[in-house]
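Student: Dropping a structure here in structure tokens format, bear with me for questions.
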Amino acid sequence: MKEIYCYKEALYKLYRTKGFNKSSKALINLTDRMALSVLPEIKKLRKTLMRWRNEILNYFKSGLTNAKTEGYNRLAKGEQYSSFGVRSFTNYRLRLLNI
């Protein structure tokens, strides 16, 4: 459990890194350290980080995230849950547009 916590903190530290070059080196360093782990969860996380490397590093170039989109999706899912039983899609759509 301690090892998993350390890698979680390392990911947080990665996203607080300033600059593309520093973050690229930090990501390589992190994935290299993960390669030494014996835990299958860490190995799986390492593969995911390596697969999404370009997308992760693009954040450090642009500073953009999809947080707004995820927030809207969360609101829509909540509204969908609370409007269970609404038979008219038009009414459901109108409820979503009024959020």
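None of the figures in this text is laboratory data; all of them are computed from the coordinates on show. Everything quoted here is computed from the prediction, not taken from an experiment. Cβ atoms come from the backbone with ideal geometry, glycine included; neighbour counts cover every protein chain shown.
Student: What does the helix-only formula give at 222 nm for the chain: each DSSP H stretch with n ≥ 4 adding -39500 (n - 2.57), the total divided by the residues, and the result rounded to the nearest 500 deg cm²/dmol?
Tutor: Details: 6 runs with 77 residues, N = 99.
After summing the helix terms and dividing by the residues of the chain, the value is -24500 deg cm²/dmol.
Student: Could you line up Leu96, Leu45 from fewest to most neighbouring Cβ atoms inside 10 Å?
Tutor: Leu96, Leu45
Student: Using 24 Å as the Cα-Cα cut-off, could you pick out the over-long pairs in Lys2/Lys68; Lys22/Lys47; Lys8/Lys77; Lys25/Lys68?
Tutor: Lys2/Lys68; Lys8/Lys77; Lys25/Lys68
Student: How many nm is it between the label spots at Tyr59 and Tyr12, if each spot is 7 Å from the Cα in line with the beta carbon?
Tutor: 1.4 nm
Student: Still on this model: For the chain, report the convex hull volume of the alpha-carbon atoms normalised per residue, in Å³, without decimals.
Tutor: Per-residue hull volume (Cα only) is 153 Å³.
Student: Given the peptides 57-70, 13-26, arrange them by the average over their residues of other C-beta atoms within 10 Å, most packed first.
Tutor: Per-residue Cβ counts within 10 Å, averaged per peptide and sorted highest first, yield 13-26, 57-70.
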